[in-house]
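Some notes on the structure that comes next.
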Amino acid sequence: MRIEKAEVFVTSPSRNFVTLRITTDDGVTGIGDATLNGRELAVAAYLKEHVCQLLLDKDPSTIEDTWQFLYRASYWRRGPVTMAAIAAVDMALWDIKGKVAGLPVYQLLGGASRRGCRAYGHASGRDLEHLFDSIREELDLGYKSIRVQTSVPGIEKLYGVAAQEQSTGERYDFEPANRGTQPVEEDWDTRAYLRHVPTVFEAVRNEFGPELPLLHDGHHRMTPREAAQLGKSLEPFDLYWLEDCTPAESQEALRLVRQHTTTPLAIGEVFNSVYDIKDLIQEQLIDFVRCASTHFGGITPLRKVMNFAEMYQVRSGFHGPTDVSPIGFAAQLHLGLSIHNYGLQEYMPHSRLTREVFHEGLTFENGYLHPGDTPGLGVEFDETAAGRFPYDQAYLPYNRLADGTVHNW
Ligand code: EZ4
Ligand code: CO
């Protein structure tokens, strides 16, 4: 079997997605996710101009070899654009292998290690009343673990706090990449944040009891010392994890945080290489791997990292926002179902329009996700529907401090 066609689609059903479709001479198709939120066209061009032609006439069964070829032969390794492009190829080849074998991808990865993948939901609110309502809504939907983000007095616009009330039914827009030619500016004040967040977790624990696993995302905004302070002050409220407490470029930052707090740490959504996370795992500076298959080079390297992490009792907590397409989401769900050291999966259901373009095979029942048993990844890409939603430029928001200095986002 040979690869006959490799096509790239950019579509915007609620938000932008980049999709690669590989077709073999036997007419088997495989799809992969190459979405890089806010920089979509760079990956589309990388694939179209430099990768697609390299795939033609290759044997689609050689997943590892193709991955190594794309990674090593380019000379310019790593980086989010490169690795999202390689991820799409990797996923598409796993999809094809599954379809040819007549098996869902998780079976090719060793089979299921659990009945389903426990997912966490997202609650947020501008005050405690709205936050509690939001948590109750998530519990009603079946989530058994909840990420809690809150407005902070003194900060006007804050990422992670729902832009709209959840009851509108369209719940995907928690951290909107706003359409337009300029990113939205938000503000930030670390001291206000450090003072307020522990009071919110105390209130949530008092209201919902000790059992419910609670998570929080710090979005790379603290220094190591500030992160240590937050971790310490949250210890009485027994978080399941504190995510991205410091800027992710600096692995050594987490040494200082770790020395000072037992709050579990999770990081990795902006990582794109095994080298970004290997020291964190080996030194046991983190508890959860937040990488997403889409931004990490696909199923192949993420599986290697998780197998490595198993030796250090570090578990998965893959990034699952809606800018990971249903294809990328399915890819990591198959992996999560198969590995021993599964932790928790972030889940934000895709919008109705997104699901018109990507027909998902997953189920979400009683708090647990399952990728389904359709051969391959279990997602179908509807090219005609995709054509109805042309690319629409969008940017993630960003932050400035009170004096106008750009801050971490
Ligand atoms: O900001 O997916 O944990 N989730 C997050 C996300 C990220 C976006 C970036 O594209 O931090 O909301
Ligand atoms: Co995050």
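The values are calculated or read from the model by the stated rules, or taken from the named source; none is laboratory data. Bear in mind the structure is a predicted one, so any value in this text is a computation, not a measurement. Cβ placement follows ideal geometry from the backbone for every residue including glycine, while neighbour counts extend to all protein chains displayed. Please note that ligands, DNA and RNA were not included when accessible areas were found on the heavy atoms of the full protein model with its side chains. Shrake-Rupley method; radii C 1.70, N 1.55, O 1.52, S 1.80 Å.
Would you kindly identify the helices (runs of 4 or more DSSP H) lying entirely within the range 28-126 that contain at least 1 residues that are within 16 Å of ligand 2 (Cβ to nearest atom)? I'd like the intermediate steps shown before the answer.
Working: elements: 40-45, 52-55, 63-73, 80-101, 105-108.
Filter on the range 28-126 gives 80-101.
Confirm whether LEU333 is at pLDDT 95 or above, more than 16 Å from ligand 1 (Cβ to nearest atom), under 12 Å from the mean Cα position of the chain (by Cα) and at negative phi. Step through it out loud before you land on a result.
On the way: at pLDDT 95 or above: yes; more than 16 Å from ligand 1 (Cβ to nearest atom): yes; under 12 Å from the mean Cα position of the chain (by Cα): yes; at negative phi: yes.
Yes, satisfied.
Here is a check on your reading of the model: is LEU369 open to solvent by less than 50 Å² (accessible area, probe 1.4 Å), farther than 20 Å from ALA34 by Cβ and within 16 Å of ligand 2 (Cβ to nearest atom)?
Working: open to solvent by less than 50 Å² (accessible area, probe 1.4 Å): yes; farther than 20 Å from ALA34 by Cβ: yes; within 16 Å of ligand 2 (Cβ to nearest atom): no.
So LEU369 does not fit the description; no.
Out of all the residues in the range 136-150, which are within 16 Å of ligand 1 (Cβ to nearest atom) and outside any helix (DSSP H, G or I)?
Of the range 136-150, the ones within 16 Å of ligand 1 (Cβ to nearest atom) are 138, 143, 145-150.
The answer is TYR143, SER145, ILE146, ARG147, VAL148, GLN149, THR150.
Taking into account only those residues within the range 372-406 that are assigned to a strand (DSSP E or B), open to solvent by 10 Å² or more (accessible area, probe 1.4 Å) and touching a Pro at 6+ places or on another chain (Cβ under 8 Å), which is nearest to ARG39 (Cα to Cα)? Show your work before the answer.
Quick first cut of the range 372-406, residues assigned to a strand (DSSP E or B) only: 376, 380-381, 394-395, 398-400, 406.
Okay, now just the ones that are also open to solvent by 10 Å² or more (accessible area, probe 1.4 Å), so 380-381, 395, 398, 400, 406.
Then drop every residue that is not touching a Pro at 6+ places or on another chain (Cβ under 8 Å), which leaves 395, 398.
Values: TYR395: 8, TYR398: 14 Å.
Per the stated criteria, the residue is TYR395.
Among the residues of the range 318-366, how many are of a type outside the set (S, T, N, Q) and either surrounded by fewer than 22 Cβ atoms within 10 Å (Cβ to Cβ) or part of a loop (DSSP other than H, G, I, E, B) (or both)? Reasoning before the result, please.
Of the residues in the range 318-366, the ones of a type outside the set (S, T, N, Q) are 318-321, 323-324, 326-331, 333-337, 339-340, 342-344, 346-350, 352-353, 355-362, 364-365.
The next check asks that each one be either surrounded by fewer than 22 Cβ atoms within 10 Å (Cβ to Cβ) or part of a loop (DSSP other than H, G, I, E, B) (or both); those that pass are 318-321, 323-324, 339-340, 342-344, 347-350, 352-353, 355-356, 359-362, 364-365.
Total meeting the criteria: 25.
In the range 375-409, which residue that is among the aromatic types (Phe, Trp, Tyr) and closer than 29 Å to MET91 by Cα is nearest to ligand 2 (Cβ to nearest atom)?
Within the range 375-409, the first condition is being among the aromatic types (Phe, Trp, Tyr), and the residues that meet it are 381, 389, 391, 395, 398, 409.
With the extra rule that they be closer than 29 Å to MET91 by Cα, the set shrinks to 381, 389, 391, 395, 409.
Values: PHE381: 26, PHE389: 26, TYR391: 25, TYR395: 17, TRP409: 11 Å.
The selected residue is TRP409.
Of all residues in the range 275-299, count the ones that are in contact with a Leu (Cβ under 9 Å, 6 or more places away or on another chain) and either within 12 Å of ligand 2 (Cβ to nearest atom) or open to solvent by 10 Å² or more (accessible area, probe 1.4 Å) (or both).
8
Looking at (1) more than 30 Å from GLY142 (Cα to Cα); (2) touching a helix residue (DSSP H, G or I) at 6+ places or on another chain (Cβ under 8 Å); (3) surrounded by fewer than 17 Cβ atoms within 10 Å (Cβ to Cβ), find the lone condition where ASP59 falls short.
Tallying (1) more than 30 Å from GLY142 (Cα to Cα); (2) touching a helix residue (DSSP H, G or I) at 6+ places or on another chain (Cβ under 8 Å); (3) surrounded by fewer than 17 Cβ atoms within 10 Å (Cβ to Cβ), ASP59 fails exactly one: (2).
Which pairs do you get when a residue that is among the β-branched types (Val, Ile, Thr), found in the range 341-354, comes within reach of a residue that is not in a loop (DSSP other than H, G, I, E, B), reach meaning Cβ atoms under 7 angstrom, with the pair 6+ apart or on two chains?
THR354/PRO326
Kindly check whether there is at least one residue in the range 30-37 that is out of contact with any helix residue (DSSP H, G or I) (no Cβ under 9 Å at 6 or more places or on another chain), closer than 18 Å to ALA331 by Cβ and at pLDDT 95 or above.
To start, the set of residues in the range 30-37 that are out of contact with any helix residue (DSSP H, G or I) (no Cβ under 9 Å at 6 or more places or on another chain) comprises 37.
Cutting the leftovers down to closer than 18 Å to ALA331 by Cβ gives us 37.
This time we only want the ones that are at pLDDT 95 or above, so: 37.
Yes, because at least one residue in the range 30-37 is out of contact with any helix residue (DSSP H, G or I) (no Cβ under 9 Å at 6 or more places or on another chain), closer than 18 Å to ALA331 by Cβ and at pLDDT 95 or above.
Go through the range 247-264 residue by residue and tally those that are buried (at least 20 other Cβ atoms within 10 Å of the Cβ) and within 14 Å of ligand 1 (Cβ to nearest atom).
1
Consider PHE318 against the criteria (1) closer than 26 Å to GLN68 by Cα; (2) within 16 Å of ligand 2 (Cβ to nearest atom); (3) hydrophobic (A, V, I, L, M, F, W, C); (4) in contact (Cβ under 8 Å) with a residue 40 or more places away in the chain: it satisfies all of them except one. Which criterion is unmet?
(4)
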